[in-house]
1. Mind checking which residues of segment 144-202 are over 30 Å from Lys352 (Cβ atoms), of a type in the set (Lys, Arg) and within 23 Å of the chain's Cα centre (by Cα)?
2. Of all residues in segment 106-121, which are open to solvent by 10 Å² or more (accessible area, probe 1.4 Å) and of a type in the set (Gly, Ala, Ser)?
3. Only one of these conditions is not met by Ala314: (1) farther than 26 Å from Arg144 by Cβ; (2) among the small types (Gly, Ala, Ser); (3) buried (at least 24 other Cβ atoms within 10 Å of the Cβ). Which number is it?
4. Kindly indicate whether any position in segment 261-271 is modelled with pLDDT of 95 or more, under 22 Å from Lys28 (Cβ atoms) and among the basic types (Lys, Arg).
5. Does Asp190 qualify as being out of contact with any Gly (no Cβ under 6 Å at 6 or more places or on another chain), open to solvent by 30 Å² or more (accessible area, probe 1.4 Å) and under 22 Å from Leu80 (Cβ atoms)?
6. Inspect all residues belonging to segment 5-26 and state whether any of them is modelled with pLDDT of 90 or more, of a type in the set (Phe, Trp, Tyr) and either open to solvent by less than 40 Å² (accessible area, probe 1.4 Å) or under 20 Å from the mean Cα position of the chain (by Cα) (or both).
7. May I ask you to list the residues in segment 123-132 that are surrounded by fewer than 17 Cβ atoms within 10 Å (Cβ to Cβ), outside any helix (DSSP H, G or I) and not polar (S, T, N, Q)?
8. Do any strands (runs of 3 or more DSSP E) lying entirely in segment 303-371 carry at least 3 residues that are over 17 Å from Gly189 (Cβ atoms) and in contact with a Ser or Thr (Cβ under 9 Å, 6 or more places away or on another chain), and which ones are they?
Amino acid sequence: MSRKPMASRQPATYKDSGVDYDAMDAFKRLAQRAASQTAGNIARLGLKDVPASRGESAYLIEAADHYLAHVEEGLGTKNLVADGLPDQPELYANIAQDTVAMIVNDMITLGALPVSVAMHLAAGSSEWFEDQARLKALVEGWQRACNLARCVWGGGETPTLKGVVEPGAVVLSGSAIGVIAPKGRRIKGDIQSGDAIVLLASSGVHANGLTLARQIAAKAGPDAKLSDGRRFSEALLDPTHIYVPVVEGVLAAGVDIHYAVNITGHGWRKLMRATEPFVYTIESVSPPQPVFAFIQKHGPIDDAEMYGNYNMGAGFALYVAAADVETVVKAAAASDIKAWPAGHIEKRGTTKQVVIKPKNLTYDGSTLAVR
């Protein structure tokens, strides 16, 4: 992985913040191997495990005329940023949307449309539920997000975990079920050499990389301003885009989506998440929002670390035939989301890389091991 030289302080890394993806990914692979041994348990119900979906962002079960999808996801620590702004409880509506987006944006990577989303809110103390303005914003935001994702809010769970979760804090997460019907709409990962990479704009940081961002916010102070005049802490809370309408629109237009990626943890390294080795060459990047420049400056963090962990203005990627790029861009515009043809995919033997030409960055396949 090539890095542009830094002329000032020693650049920080996301691992320095206490989040080590290498350690977490090793556990994920261990769990996947054990989980695959349970696949036969559903045969008696007339259902089949879809092995190719293990290690993807959603898990699939095959029925006679459709697929079922299942996702479990968590928000992370973004709600702690909102907790630092107690005079603005309405920001918890954005926190709710972030959580739902983390779930449904993973689901659509395989072509599944969300049917039902459930909330899981674990509190350190039941006193957390006494702030009525915050609760109202959270509920309204979750409902709004489900409407944006075109799914039903099916229920949830609200345990109080004293001694596990810190008093005054909550852990937000959730799960969802989805469906692929007809079965031909499943995104199978049939990537072809020559495919185009279409990137969909993010709204900002989304919900990954907040541990490091919070550390920077603590050093910079609550009134630290971005280049556009906004407070850094408020910009961190811009709600995550929900990309369900875009993917649904592209599928409805008859486009064969070869692969889809939710650009969250691992940043642009996620572009090579598919198992088969390809070289993913990015030739066009959109200027990221000012919030990223602030993080990079105050880390300090070099380009390799930023693009390797943050979405840097691109929250989702679709791989399609070059002839279908315009249809994807139009579908995104119909949902008020910017999209652009960013690059292409090549087969180069067993080489697996993401190459971001405008930034002179190359990530080898060894830097991403999520399955």
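1. Scanning segment 144-202 gives Arg144, Arg150.
2. Ser116, Ala118
3. Failing condition for Ala314: (1).
4. Initially, segment 261-271 is screened for residues modelled with pLDDT of 95 or more, giving 261-263, 267-271.
Next, only the ones that are under 22 Å from Lys28 (Cβ atoms) stay: 261-263, 267-271.
With the extra rule that they be among the basic types (Lys, Arg), the set shrinks to 269-270.
The answer is yes, given that some residue of segment 261-271 is modelled with pLDDT of 95 or more, under 22 Å from Lys28 (Cβ atoms) and among the basic types (Lys, Arg).
5. no
6. The answer is no, given that none of the residues of segment 5-26 is modelled with pLDDT of 90 or more, of a type in the set (Phe, Trp, Tyr) and either open to solvent by less than 40 Å² (accessible area, probe 1.4 Å) or under 20 Å from the mean Cα position of the chain (by Cα) (or both).
7. First, the residues of segment 123-132 that are surrounded by fewer than 17 Cβ atoms within 10 Å (Cβ to Cβ): 125-127, 129-132.
Still in the running and outside any helix (DSSP H, G or I): 125, 131.
Across segment 123-132, the qualifying residue is only Asp131.
8. Output list reads 339-346, 353-356, 361-364.
The values are calculated or read from the model by the stated rules, or taken from the named source; none is laboratory data. Just so you know, these numbers come straight off a predicted model, no measurement behind them. Cβ coordinates were reconstructed from backbone atoms using ideal geometry, including for glycine residues, and neighbour counts include every protein chain displayed. Accessible surface is based on the protein model in full, side chains and every heavy atom, while ligands, DNA and RNA are left aside. Shrake-Rupley method; radii C 1.70, N 1.55, O 1.52, S 1.80 Å.
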